[in-house]
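A short reminder: the numbers here are calculations on the coordinates, not readings from a lab. Because the structure is a prediction, the values reported are computed rather than measured. Every residue, glycine as well, gets a Cβ built from its backbone with ideal geometry; the counts of neighbours run over all protein chains shown.
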Amino acid sequence: MEKKRNQRKEFEHIGCVIDRTIRRYRNEPDMELAQIWDRWDRIVGKVVAENAQPTAFKGKILMVQVASSTWIHQLQFVKAEMISKLNSALGKELVKEIKFKIGALK
C-alpha cells in the first residue's frame with residue numbers, strides 16, 4: 001500500500017480533473033452547454049444572476065435553481081427571451097427549454 005502512495009503523481013487542480021472527465025464522457029453539444037456557467041451573469045444580467053443560477057442540463061433542457069417561488073413566477077414571463085439570449089451567446093440552438101426549481105444559491 002505504501003509503495004502505491006509513493007508512485008502517485010503530484011497533486012492536480014480539481015478544475016483540470018473535472019474538465020478532463022467531462023470531455024471523456026460528454027459529447028460536443030454538452031461541452032458547448034458548459035459555457036453557460038461562464039457566461040450566465042453577462043447573459044441574464046446581474047439581478048437575475050443573483051437570484052437564479054444554472055445547475056444542470058439534460059439534453060437541451062437547462063435546469064436553473066432560483067431563490068424563491070416569486071422568482072420562478074417572474075422568470076416564466078421572460079423564459080423565451082432567456083432561451084434566445086443563451087442560444088445567441090452560444091452561437092447555436094442548444095437550449096430548448098428551461099426548468100426552474102427553488103433551491104440554495106451559491
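Placing R0 at 35 angstrom, the Cβ-Cβ distance between F11 and L105 gives a FRET efficiency of 0.75 after rounding to 0.05. Our estimate of slack between A56 and T70, defined as 0.36 nm per intervening residue step minus the Cα-Cα distance, is 2.9 nm.
The alpha-carbon atoms of the range 27-102, seen along their principal axes, cover 35, 21, 19 angstrom, with the largest extent given first. Remark on F57: its backbone amide H falls under 5 Å from those of M63, a criterion applied only to residues 5 or more positions apart or on other chains, H modelled at 1.01 Å from N. Each residue of the range 89-106 was assigned a 3J(HN,Hα) from its phi angle through the Karplus curve 6.51 cos²θ - 1.76 cosθ + 1.60 (θ = phi - 60°); the sequence is 5, 7, x, 6, 7, 10, 10, 9, 8, 10, 10, 9, 9, 6, x, 6, 9, 7 Hz, with glycine and proline shown as x.
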